[in-house]
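For reference, the structure is listed below as structure tokens.
The values are calculated or read from the model by the stated rules, or taken from the named source; none is laboratory data. Because the structure is predicted, anything quoted here is derived from the model rather than measured. No Cβ is skipped: glycine too gets one built from the backbone with ideal geometry, and neighbour counts run over all protein chains shown. Note: accessible area is taken over every heavy atom of the protein model, side chains too, but ligands, DNA and RNA are not part of it. Shrake-Rupley method; radii C 1.70, N 1.55, O 1.52, S 1.80 Å.
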Amino acid sequence: MRQIRVAVVGAGIAGLALAAALRRAGIDCHVYEQAERLTEVGAGVQVAPNATRLLHQLGLREQLRAVAVAPQAIEMRRWDDGRILQRTPLGSLCRQRFGAPYYALHRADLHAGLLSLVPPDRVHLGARLVAVTQRADEARLHLADGTTVAADLVVGADGIHSIVRDQIVADRPRYSGQTIYRGLVPADRVPFLLTEPRVRLWLGPDQHLVCYPVSSGRQVSFGATVSASDWRAESWSARGDVADLAAAYAGWHPDVARLIGAAGTVNRWALHDRDSIDRLSSGRVVVIGDAAHPMLPFQAQGANQAIEDAVVLALCLADAGPDDLDAALRRYERIRLPRTTRIQQQSRANAETFHLADGDAQRRRDTSAQTASGLDRHEWLFGYDAEQATTTSRSA
Ligand SMILES: Cc1cc2nc3c(=O)[nH]c(=O)nc-3n(C[C@H](O)[C@H](O)[C@H](O)COP(=O)(O)OP(=O)(O)OC[C@H]3O[C@@H](n4cnc5c(N)ncnc54)[C@H](O)[C@@H]3O)c2cc1C
């Protein structure tokens, strides 16, 4: 059987995870990335057991352990007095229950780990996609420098502003009305946040702040939302102003003020969203990661889902030749769509519940958060094994 030729657009977490998973499956692929240099934004990312187990299988167990922080808990607190609303235990309890750790990482460390699994000559930098065309048995990338690339399958891993997605659906990213300031603070400026490594969230009217240690505990990453109906950055990331951020969080708990006060610089992002779609492929084109199912970051699962997509798609393709790609793509969609749609919806719902104004609805939220503390309610999310789900779907 002739090997399939796969062209991946985008060398973010989704694209690199796919290249690594395809390589493990014995499928060669080339990745086309618009950036001239591979850099990741200076910020953190939480990677839950549903994705760390897959990263371990790909060969990153030791690399991640060397740079990650394993938080002992996720704590949600009230915005003004800091009262704990909910505590989800992580640490060894989480590892034992789900067979893999919950990690807080610097994004650059995750990106570098994935990149190390891909041969350098398979990643083409400065390769900006401007259009995709396809016919029955082939798809073509048209790059900004005038070159074209033919492949049996084009995979769009080109993020929320995906061009590849246009082959599947005619929609556009929608501004959510929320922006987020992100920053990294040297740990020695905020020692009160490191007594025990935790993911800490403070929830309040219209906004919330989340922080956790990364880089083996040398830095603390934070993200603080501020709603702004009229804010538009030219790009979707831009330098923010620490004084504006501090003003937006005036009156919040003193720990929040101390953290913001310790930040030297911040970036500000406009958060976008798109509706769920009911197909992830069309002809010889398929999408993964944010190109497939962008989600507001309030469930901390976008990168996790990108990694699950990559592993599932690679396993589906491993069984396919150029003539039976359709069946492989249908199987990928069948496995992925129910799960990613549910998580997209949950992320959107969190945007509402995290930001309730003080009052009856907020009090009901806090009461139910207390009763829902613990790992049970995360079973469906963290306990999911994407490799197992793909194997099971083969026999179904
Ligand atoms: C504030 C914030 C916090 C988050 N926190 C978490 C978290 O804790 N846990 C979690 O799991 N997720 C989190 N996420 C979500 C996560 O960051 C994304 O889901 C994830 O990065 C998506 O990866 P991707 O590879 O699909 O897309 P991207 O990271 O956007 O990568 C797309 C790549 O494609 C390239 N590209 C784009 N267009 C072209 C083109 N035309 N030609 C060639 N290349 C192109 C881009 O340069 C880029 O390298 C967070 C998101 C935000 C905004």
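Yes/no per residue for (1) open to solvent by less than 20 Å² (accessible area, probe 1.4 Å); (2) in contact with a His (Cβ under 6 Å, 6 or more places away or on another chain); (3) under 22 Å from Arg83 (Cα atoms):
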position	(1), (2), (3)
Thr341	no, no, no
Gln345	no, no, no
Arg348	no, no, no
Thr353	no, no, yes
Arg364	no, no, yes
Ala369	yes, no, yes
Gly374	yes, no, yes
Glu379	no, no, no
Gly383	no, no, no
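Specify the residue that is surrounded by the fewest Cβ atoms within 10 Å (Cβ to Cβ); the eligible residues are those in region 154-169 that are assigned to a loop (DSSP other than H, G, I, E, B) and more than 11 Å from the ligand (Cβ to nearest atom).
Step by step, filter region 154-169, then rank; the result is Val169.
Kindly indicate the residue of region 278-295 that is open to solvent by less than 10 Å² (accessible area, probe 1.4 Å) and assigned to a strand (DSSP E or B) and also nearest to the ligand (Cβ to nearest atom) among those meeting that condition.
My answer is Val287.
What pairs come out if I take residues in region 122-133 that are more than 16 Å from Val164 (Cβ to Cβ) and pair them with residues that are open to solvent by 60 Å² or more (accessible area, probe 1.4 Å) whose C-beta lies under 7 Å away, six or more apart or interchain?
Final answer for the pair search is Leu125/Glu36; Leu125/Arg37; Gly126/Glu36.
Which members of region 297-325 meet the condition of being assigned to a loop (DSSP other than H, G, I, E, B) and modelled with pLDDT under 95?
Scanning region 297-325 gives Asp319, Ala320, Gly321.
Are any of the residues in region 94-101 open to solvent by 10 Å² or more (accessible area, probe 1.4 Å), within 26 Å of Val41 (Cβ to Cβ) and either in contact (Cβ under 8 Å) with a residue 12 or more places away in the chain or in the same structural domain as Leu16 (by TED's automatic domain parsing) (or both)?
no
Trp79 passes all but one of (1) aromatic (Phe, Trp, Tyr); (2) within 16 Å of the ligand (Cβ to nearest atom); (3) under 27 Å from His355 (Cβ atoms); which number fails?
(2)
I'd like the full set of residues that are within 11 Å of the ligand (Cβ to nearest atom), open to solvent by 20 Å² or more (accessible area, probe 1.4 Å) and part of a loop (DSSP other than H, G, I, E, B), limited to region 38-76.
Leu38, Thr39, Glu40, Val41
Go over the candidates Leu194, Leu125, Leu184, Leu141 one by one and state the one that is open to solvent by less than 10 Å² (accessible area, probe 1.4 Å) and of a type outside the set (Asp, Glu).
Sole residue among the options that is open to solvent by less than 10 Å² (accessible area, probe 1.4 Å) and of a type outside the set (Asp, Glu): Leu141.
Any idea which residue in region 1-26 is surrounded by the fewest Cβ atoms within 10 Å (Cβ to Cβ), counting only those that are near the ligand (Cβ under 8 Å from one of its atoms) and part of a loop (DSSP other than H, G, I, E, B)?
The residue in question is Gly12.
Residues checked against (1) without any contact (Cβ under 8 Å) to a residue 12 or more places away in the chain; (2) at negative phi; (3) out of contact with any strand residue (DSSP E or B) (no Cβ under 8 Å at 6 or more places or on another chain):
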position	(1), (2), (3)
Arg339	no, yes, yes
Arg348	no, yes, no
Ala351	no, yes, no
Ala357	no, yes, yes
Ala369	no, yes, no
Glu379	yes, yes, yes
Phe382	no, yes, yes
Gln388	yes, yes, yes
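Considering each residue of region 220-253, count those that are at pLDDT 95 or above and open to solvent by 50 Å² or more (accessible area, probe 1.4 Å), and give that number.
3
Return the pairs, sorted by first residue and then second, in which the second residue is near the ligand (Cβ under 6 Å from one of its atoms) and aromatic (Phe, Trp, Tyr), the first residue lies in region 296-317 and is under 30 Å from Thr353 (Cα atoms), the beta carbons are less than 8 Å apart, and the residues are 6+ apart or on different chains.
Every condition considered, no pair remains.
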